[in-house]
Each structure stands twice: as C-alpha cells, then as structure tokens.
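Asker: Submitted below is the structure of interest, expressed as structure tokens.
The values are calculated or read from the model by the stated rules, or taken from the named source; none is laboratory data. Bear in mind that the values here come from a model prediction, so they are computed numbers and not experimental data. Counting neighbours? That spans all protein chains shown, and the Cβs are built from the backbone with ideal geometry, glycine included.
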Amino acid sequence: MQLDDPRIREALDDDGDGAGGAGKPEQLPRMSFGDHLDELRKRVIRSLLAIGIAILAVLPFKQEVTEILIEPYRVQWRIGFENWIEQLQEEKARGELDDLGEGFLAFSLENKDKILAGGFRWDYLLERMSGYPVPYSLYATGGLEDMLAFMWFSLIFALAIASPVVVWQAWAFVAAGLYKHERAVFYRYFPLMVVLVCAGVWFGYRIALPFSLGFLVSLMDPSQVKAIFSIGQFLTLEFTLTAAMGVMFQLPLIMLALQKVGLVRHRAFVKHWRVTVLVIFCCSALFTPPEPVSMILMAAPMMLLYLFGLLLTWRASKHEQALPEAS
C-alpha cells in the first residue's frame, strides 16, 4: 500500500497524528534519560512544596479538622441516640422502665434538640446522663494517639487541598510524552474521573461509614461488650473505606477503557453480567470491614455504576460502528 494512500492520510488526521492534513506524523520532543530525571525532580519538588504549604495551613485548625473527620461517627451516634430514646419510651409504655430509666428518658427528651444539634455543653457526660451506652467522643488509647492521628488528618487534608497542583504537575510530566489525540482523550474523561472519585469518597464518608458503624454497634450487648472506638482505629477504618469507595466508583471508566483497548466488548459486558455481579460483591467484601452492611452499601452503588458503564460502552460501540460508514 502506497504511503500517499488517502485512507492513511485520513487515519493520520483522525488520530491527531497528522499536521494540517499533510499526513506528517506529529513529532514529540526528544529528551535524554538525564533530562527526564531532571524534569521529574522539578515536578516532585513543586508537588512536595505545595503539600508542605498546605500542611502548615492546616496545622493551626486541629479542632476544626478533627471535627470534620469524626463527623461520620457523630452521625451514627445521633441515629443510635434517637433509637435509644424510642427504646426507653417503648419500655415506659409497657411499664418496664425503672426510676433510673425514667431519669434517663426525662433528661434525653428535655435536651434532645440540643444534643442532636451538637449544642450541648457537657457532651462528654452524655453517656452517664442519658444512659445511652455508646460514648459521644472517640478515645485515645495512648498519650500520642490523638496527636499522631491529627498528623495523619493534616496530611490527608493537605493532599486534598494541594491535589490540583499535584495532579497538574503529574500531568505536565506525563503529557510531554503523549500525542495530541492521546492528550485529548485525557481531557475528555478526566472531569468524569474526578466526579466519580469525589462521589465515591462522599458516599463512603456520609453513608457507608456511619451505617456500617451503626450496624456494628447494634450487634454489641452493652452488658457484655461496650462500644468504644479509638481515634486511630477510626481513622484507619475511615480512610480505608472512603479510599476504596473512590477507587470502586471508577468502574464505568474501567469498563470503557477495556473496550477502547479491545479486551472486552459491550456485548461481553452484557452477556456476562452474572459474573460481573459476583465480582462486584467479592470486591465489596474484600475492600470493606467484615460485616454485611458495608458490603451491601458498596455493592448497591456499584451495580448502578455498572449500568452507567454499560451505557458508556454502548455509546462507544455505536461510535466505532459508525466510523467505517463515515469513511
């Protein structure tokens, strides 16, 4: 086949490798191994500087940062506290509540709105005054655990704040070795990737973590096992669950990428949906705490994301079928 074949020129132009329709391949800048290392060093230094500045900006706000990160624990505590009041009221209606329980119920009803709004001053005494056998606050099992946890909190917040700079530096390093059409693919799907990551982290933070904690607490009998969570354990659980959600929410883009490279087609995704459902539940069990609520809370949105991925792969397959007709 001749190099001046119009089909070759058209393919080069469609892929972005052509320049002004002349059929000339795009020329990438050549860099030696030392130049690559020097460029990588500059990008890493800039990213670390951005993270360091963000950490210094976060450190003075220990109370605010900690309050944000323990909010999922507060959510499950408030839900459990309301259930506790209902339980006391049911016992009172049956005539099974003793004088001490009457005092717990009276205090809880009188201060319910303040407690649920977070405006009760003596919140560290709520367990004793309301009788609800779950501490309002997390515990530090060692003298340094709270400070070490806050340092991790600060790092996580700093990474979130500095993420635009870090992502830009990483992209600037990688983009230098990509063709124009390859960069266009990144620009097309990167916003969706960011949206899916944020949605996954939000879902893990606001829904999956509070309800899974509430389920674990509901299994405990206070006369045998008391629910006490340390700040370090809670941070590990929170980071693991939210990070897993952020990664798992990338399922639609993973499906689209597999189709783009030709490994799996849309028909195969539809045909083997049963296997996909099994894999989703296995991954949910692997990346969540060992209890069914967290697994279900991860698997349910994954099924919806799988349907969204089917829509993306269907649109991509229609586009691929239309290309030969257009040529």
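Asker: For segment 90-102: of the residues being surrounded by 14 or more Cβ atoms within 10 Å (Cβ to Cβ) and of a type outside the set (D, E, K, R), which is farthest from the chain's Cα centre (by Cα)?
Answerer: Filtering first and then ranking leaves 97.
Asker: Right, next: Tell me the residue from 227, 316, 322 that is modelled with pLDDT under 85 and outside any helix (DSSP H, G or I), please. Break it down into steps so the answer makes sense when it comes.
Answerer: Working: 316 fails: outside any helix (DSSP H, G or I); 322 fails: outside any helix (DSSP H, G or I).
The conditions single out 227.
Asker: I need the full set of residues from segment 197-235 which are exposed (fewer than 14 other Cβ atoms within 10 Å of the Cβ) and within 20 Å of the chain's Cα centre (by Cα), in order please.
Answerer: 198
Asker: Right, another one. If the requirement is being in contact (Cβ under 8 Å) with a residue 40 or more places away in the chain and under 21 Å from residue 41 (Cβ atoms), which of these qualifies: 172, 184, 208? Spell out the reasoning first.
Answerer: Values: 184 fails: under 21 Å from residue 41 (Cβ atoms); 208 fails: under 21 Å from residue 41 (Cβ atoms).
Among 172, 184, 208, only 172 is in contact (Cβ under 8 Å) with a residue 40 or more places away in the chain and under 21 Å from residue 41 (Cβ atoms).
Asker: In this structure, is residue 112 of a type in the set (Lys, Arg) and surrounded by 15 or more Cβ atoms within 10 Å (Cβ to Cβ)? Step through it out loud before you land on a result.
Answerer: Values: of a type in the set (Lys, Arg): yes; surrounded by 15 or more Cβ atoms within 10 Å (Cβ to Cβ): yes.
Answer is yes for this residue.
Asker: Right, here's the next one. Taking the condition touching a residue at least 40 places away in the same chain (Cβ under 8 Å) and in contact with an Asp or Glu (Cβ under 8 Å, 6 or more places away or on another chain), does residue 215 pass? So that I can check it myself, show each step before the final result.
Answerer: Details: touching a residue at least 40 places away in the same chain (Cβ under 8 Å): yes; in contact with an Asp or Glu (Cβ under 8 Å, 6 or more places away or on another chain): yes.
When the stated conditions are applied, residue 215 passes them.
Asker: Quick check, is residue 237 under 25 Å from residue 284 (Cβ atoms), assigned by TED's automatic domain parsing to the domain that holds residue 48 and assigned to a helix (DSSP H, G or I)?
Answerer: Numbers: under 25 Å from residue 284 (Cβ atoms): yes; assigned by TED's automatic domain parsing to the domain that holds residue 48: yes; assigned to a helix (DSSP H, G or I): yes.
Judged against the criteria, residue 237 is a match.
Asker: With (1) modelled with pLDDT of 85 or more; (2) under 27 Å from residue 313 (Cβ atoms) as the list, and residue 166 as the residue in question, which single condition is left unmet?
Answerer: Here residue 166 clears every test but (2).
Asker: Now a separate question. Under the condition of being part of a helix (DSSP H, G or I) and under 17 Å from the mean Cα position of the chain (by Cα), which residue from segment 276-292 is modelled with the highest pLDDT?
Answerer: Step by step, filter segment 276-292, then rank; the result is 280.
Asker: Here's something else I'd like to know. How many of the residues making up segment 217-259 are over 29 Å from residue 146 (Cβ atoms) and in contact with a Ser or Thr (Cβ under 9 Å, 6 or more places away or on another chain)?
Answerer: Selection size over segment 217-259: 6.
Asker: Scan (1) assigned to a helix (DSSP H, G or I); (2) surrounded by 14 or more Cβ atoms within 10 Å (Cβ to Cβ) for the single condition residue 194 breaks and write down its number.
Answerer: (2)
Asker: Taking the stated definitions as given, is residue 156 of a type in the set (A, V, I, L, M), closer than 24 Å to residue 211 by Cα and in a helix (DSSP H, G or I)? Before the answer, list the steps.
Answerer: Values: of a type in the set (A, V, I, L, M): yes; closer than 24 Å to residue 211 by Cα: yes; in a helix (DSSP H, G or I): yes.
Criteria met by residue 156.
Asker: Just a yes or no: is a residue in segment 65-72 of a type in the set (S, T, N, Q), closer than 30 Å to residue 176 by Cα and at pLDDT 85 or above? Spell out how you get there, then give the answer.
Answerer: Quick first cut of segment 65-72, residues of a type in the set (S, T, N, Q) only: 66.
Going one step further and asking which of them are closer than 30 Å to residue 176 by Cα, we end up with none.
Within segment 65-72, none of the residues are of a type in the set (S, T, N, Q), closer than 30 Å to residue 176 by Cα and at pLDDT 85 or above.
Asker: Moving on. Every residue in segment 136-153 that is in contact (Cβ under 8 Å) with a residue 12 or more places away in the chain and outside any strand (DSSP E or B), please.
Answerer: Of the residues in segment 136-153, the ones in contact (Cβ under 8 Å) with a residue 12 or more places away in the chain are 136-141, 145-146, 148-150, 152-153.
136, 137, 138, 140, 141, 145, 146, 148, 149, 150, 152, 153 - these are the residues of segment 136-153 that are in contact (Cβ under 8 Å) with a residue 12 or more places away in the chain and outside any strand (DSSP E or B).
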